Amino acid sequence: MSDYELVYSDDPNFKKRCPKCSKFPCACPKKEDLKPTEHTLKIRLEKNSRGGKTVSVVFELPANEPYFKEIEKKLKALCGTGGSYKNNMIEIQGDHREKIKVFLEKIGFKIKLAGG
């Protein structure tokens, strides 16, 4: 998008545009568009550039931000820790690979544990 904000438009659908993709109708991917059985996710443990703290990272996620933000919230509650969704990866603080694996397999994803 550009650096300015549109103040007026004579387009009757202007106010109905999606705030994220700015299209009418919205072109953003929906939660229902993803079929978990068709995707393989990978889980790895990271320590680099995190001050020695361990982080479980779920990566190679299909492009569907709203769906995976919801998954991230559920994983944080399950593990009882903090975490975030950024750069198309879910990061959960601590070593919770087994809990994450069981949870995602229950939803229907195929899981691979990556790294050592």
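Neighbour counts of other C-beta atoms within 10 Å: give me 17, 97 arranged from fewest to most. List each step's numbers first, then the result.
Numbers: 17 16, 97 19.
With the sparsest Cβ surroundings first, the list reads 17, 97.
Grab every C-alpha pair in the stretch 29-113, bin the distances at 10 angstrom width from 0 up to the longest one, and report whole percents.
Going out from 0 Å in 10 Å bins, the stretch 29-113 shows 18, 57, 23, 3 percent.
Arranged by the count of other C-beta atoms within 10 angstrom, fewest first, what order do 54, 37 take?
Details: 54 13, 37 8.
With the fewest neighbours first, 54, 37 line up as 37, 54.
Where a ≥ b ≥ c are the square roots of the eigenvalues of the C-alpha gyration tensor, would you call the stretch 66-116 rounded, which needs a/c under 1.5, or, failing that, prolate if a/b is larger than b/c, or oblate? All intermediate terms of the calculation are to be shown ahead of the outcome.
On the way: a/c = 1.28, a/b = 1.15, b/c = 1.11.
Because its axes are fairly even, with a/c under 1.5, the stretch 66-116 counts as rounded.
Coordinate-derived values only; no laboratory data. Here the structure is a predicted model, which means the values were calculated and not measured. Backbone-built Cβ (ideal geometry, glycine too); neighbour counts: all protein chains shown.
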